[in-house]
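Heads up, the thing below is written out as structure tokens.
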Amino acid sequence: MSPIRLAIVGLGKIARDQHIPAIARTEGIALAAIASRNAALEGVAHFATLDELLASGEAIDAVALCTPPQVRRAQAQAALEAGKHVLLEKPPGATVSELGPLIAAAQAAGRTLFATWHSRFAPAVEPVRALLAGRTLRSVTIEWKEDVRVWHPGQEWIFEPGGLGVFDPAINALSILTRILPRPVFVTSARLAFPANRDAPIAAELDLADAQGLPIRAELDFLQTGPQTWDIRVDTDEGLLTLSSGGAKLFHEGATLVDEKEAEYAGIYRHFVDLIRRGASDVDLAPLALVADAFLLGRRTQVESFEY
Ligand code: NAP
């Protein structure tokens, strides 16, 4: 079977750090083109925009949209209308409601739409999900604290409307949470801290629950210096399970159950190839809906201005 010919749209941090190496390591898919306003890759066909790429007639089967969420809906719609399979970086969009028409467009075109949640491909996520299925859960604590200056240097879009601010990384925690817990969860209250000069929060505290009243608390911070924290702790009737390093490690009380180098994007591309071959799509909006609900319910405070 000939490989799926993929174009990357938006040659920024995540495209370079993760997508390009993962595509090179994945059987059944090959990088065939780049659409980037600012950069090119030697030996790969280059177009300034997705529209130019689609108009060129270049032979591609699929696109990976590695652009900010605010511009992705229009790109996804154009690609699906042109008969291409579409991979969306997380979050899948700037709003929840824009995804419905994209799902319908993928169905109408008979193409794959894959809304990726890279943290769900972290090595300890499926093991902890299996463990939690058989236990009584008492509480969940999320601590997602990183330094925006280190991980998103100069990315102005992240603090613009639709950029999600601290929820850009924290939605990864919510993507894990909604995968590992046995029942759906919902937001019960939220406190959001907005810098005086920005349109998205730089820190937040959330309370969530499930229908049985499981208390879930999340502390999110984008100004964490020193050690960075991407942890989810689940207190159960059989002890404390700690998912650490964004899902790469799992501890039960003191014992290490999983400690693997993360290979999230290899898993993403294997799944994308499989979805395309099966003629299926994979779009789960639960993490984005929780973020939207935090914005709906959240009490807002103003904190000092933020500059990179
Ligand atoms: P980035 O470094 O800012 O790259 C985004 C790229 O999108 C830019 O380099 C630019 O590419 C293109 N772009 C920016 N504004 C655009 C616009 N208005 N219209 C069209 N294209 C535009 O951001 P990133 O960190 O790679 O993040 C991109 C997405 O990946 C985000 O949704 C983010 O949440 C997700 N993600 C990021 C990370 C991470 O660690 N950084 C991890 C996982 C997921 P060109 O200059 O090539 O046109």
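The values are calculated or read from the model by the stated rules, or taken from the named source; none is laboratory data. Note that the coordinates shown come from a computational prediction; the quantities given were computed from them, not determined experimentally. When we count neighbours, we look across all protein chains shown, and the Cβ atoms used for this are built from the backbone with ideal geometry, even at glycine. Note: areas computed on protein heavy atoms with side chains; ligands, DNA, RNA excluded. Shrake-Rupley method; radii C 1.70, N 1.55, O 1.52, S 1.80 Å.
Some observations on this one:
- Debye equation applied to the C-alpha atoms of the chain, log10 I(q)/I(0) at 0.11 Å⁻¹: -0.69
- Computed over the stretch 4-115, the P(r) curve from all C-alpha pair distances, binned at 10 Å from the origin, holds 15, 52, 31, 3 percent per bin.
- Per-residue packing, averaged as other Cβ atoms within 10 Å, sorts the ranges 1-14, 294-307, 180-193 into the order 1-14, 180-193, 294-307, beginning with the highest.
- To the nearest ten degrees, helix 72-81 and the longest principal axis of the Cα atoms of the chain are 40 degrees apart.
- Antiparallel bridge percentage (DSSP; both residues within the chain; nearest 5): 55
- Crossing angle, helix 167-180 versus the chain [Cα axis fit, 0-90 degrees, rounded to tens]: 70
- In degrees, nearest ten, helix 264-278 long axis to first principal axis of the chain (Cα): 60
- Mean Cβ neighbour count within 10 Å, used as a protection proxy, ranking 207-213, 142-148, 197-203, 171-177 highest first: 171-177, 142-148, 197-203, 207-213
- Fraction of accessible area attributable to carbon and sulfur, the stretch 167-308 (%, probe 1.4 Å): 48
- Taking the protein heavy atoms of the stretch 4-115 in the context of the full set of protein chains, the accessible area attributed to carbon and sulfur is 50 percent at 1.4 Å.
- Ordering of 281-288, 154-161 by packing is 281-288, 154-161, highest average first (other Cβ atoms within 10 Å, averaged per residue).
- Once divided by 2.2 N^0.38 Å, the Cα radius of gyration of the stretch 219-308 becomes 1.49.
- The chain - accessible surface per residue (Å², probe 1.4 Å): 44
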